[in-house]
Amino acid sequence: MPEQSRTLRGADRRRSASARGLRRVNREPAEPTLITVISIISAIVRPLTFRDWRGQEHIPRTGGVLLVANHISNVDPIAVGQYVAFAGRWPRFLAKASLFRLPVLGRVVRACGQIPVERGTGTAGQALRVAVEAIADGKAVFLYPEGTITLDPDLWPMRAKSGAARIALETGRSVIPIGQWGAQDIMYGKQIHVPRLLPRKTFQVMAGPPVRLDDLRDRPTTPTLIAEASDRIMDAITVLVSELRGETPPEHRLDPRVAENRGKPT
């Protein structure tokens, strides 16, 4: 048998085994393309990285839920997507709409049931409505509350935009914080470059208990309320990131809307 054929068949077997292993732990219905894509990604990435996964028991196996995490790299969706899938749920990411317009990738992303966000436009709120509907339908929606890869020079979580808090308060469903670290070693920050896979890197991902928001849900939705809910969400994420890193976060969270604000109250 030619060497190339043996290699291709070996890859097919690894993907098949990954899919079987994934379906043993994840019985949730989902788009076939989403199941296939995550299975293939897992088969490719698993032998190239180590996994330090903790707290998957905090992710509910059924029912609508909002998952929120810190954003440190363009490969974050690979790191956390696998984690969520092997916790028994299929993640529906809110992702920038430009991805959906790419010739091939766009069709795949759309077939996976992901949610486009038109940043900086009057239609951005449509994505939040779609997310609310998806959660009401019992799906697991994944959102980066910061809205972009962190601008903090040490990659600590920034202040959140309002989307996560608005979805959480409108749906009344659980908000599960997720901290992650390690993706930046493969592709740092906003930089897009050839992934640094050697030496083998570790994806550290940890979920925590639901963010406490029940006492806010019956109050009028004001900017102050949204800010309080957003701070609670980012505080919960930051605690997890701090534990993974084994470091103390800065006293004040960077606000991307305010220039040179490190060290100033926000």
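Residues that are under 12 Å from Ala229 (Cα atoms) and among the small types (Gly, Ala, Ser) within the range 133-171 comprise Ala160, Ser162, Gly163, Ala164, Ala165, Ala168, listed in sequence order. In summary, Ile40 fulfils each of the numbered conditions (1) at pLDDT 95 or above; (2) in a helix (DSSP H, G or I) with the single exception of condition (1). Of the residues making up the range 179-199, one or more are of a type in the set (Lys, Arg) and touching a Leu at 6+ places or on another chain (Cβ under 9 Å). Between residues in the range 80-108 that are among the aromatic types (Phe, Trp, Tyr) and residues that are buried (at least 24 other Cβ atoms within 10 Å of the Cβ) and part of a strand (DSSP E or B), which pairs lie under 6 Å by C-beta distance while being six or more apart or on different chains? Within 6 Å, the pairs are Tyr83/Val205; Phe93/Phe142. Scanning the range 58-71 for residues that are within 10 Å of Ala87 (Cα to Cα) and in contact (Cβ under 8 Å) with a residue 60 or more places away in the chain yields a count of 3. Scanning the range 154-181 for residues that are free of Cβ contacts under 8 Å to residues at least 60 places away in the same chain and either of a type in the set (A, V, I, L, M) or in a loop (DSSP other than H, G, I, E, B) (or both) returns a single hit, Gly172.
For the structure I just gave you, tell me whether Gln191 is surrounded by 13 or more Cβ atoms within 10 Å (Cβ to Cβ) and either in contact with a strand residue (DSSP E or B) (Cβ under 9 Å, 6 or more places away or on another chain) or without any contact (Cβ under 8 Å) to a residue 12 or more places away in the chain (or both). Considered against the rule, which asks whether it is surrounded by 13 or more Cβ atoms within 10 Å (Cβ to Cβ) and either in contact with a strand residue (DSSP E or B) (Cβ under 9 Å, 6 or more places away or on another chain) or without any contact (Cβ under 8 Å) to a residue 12 or more places away in the chain (or both), Gln191 comes out as no.
Kindly establish whether Thr7 is β-branched (Val, Ile, Thr), at pLDDT below 90 and either under 11 Å from Trp90 (Cα atoms) or assigned to a helix (DSSP H, G or I) (or both). When the stated conditions are applied, Thr7 passes them.
Checked against the criterion of being on the phi > 0 side of the Ramachandran plot, in contact with a strand residue (DSSP E or B) (Cβ under 6 Å, 6 or more places away or on another chain), modelled with pLDDT of 90 or more and surrounded by fewer than 21 Cβ atoms within 10 Å (Cβ to Cβ), the candidates Gly113, Gly138, Gly88 yield just one match: Gly113. Taken over the range 208-233, the residue count meeting the criterion of being loosely packed, with under 15 Cβ neighbours inside 10 Å and among the charged types (D, E, K, R) is 6.
The values are calculated or read from the model by the stated rules, or taken from the named source; none is laboratory data. Everything quoted here is computed from the prediction, not taken from an experiment. Positions of Cβ are generated from backbone atoms using ideal geometry, with glycine treated the same way; all protein chains shown enter the neighbour counts.
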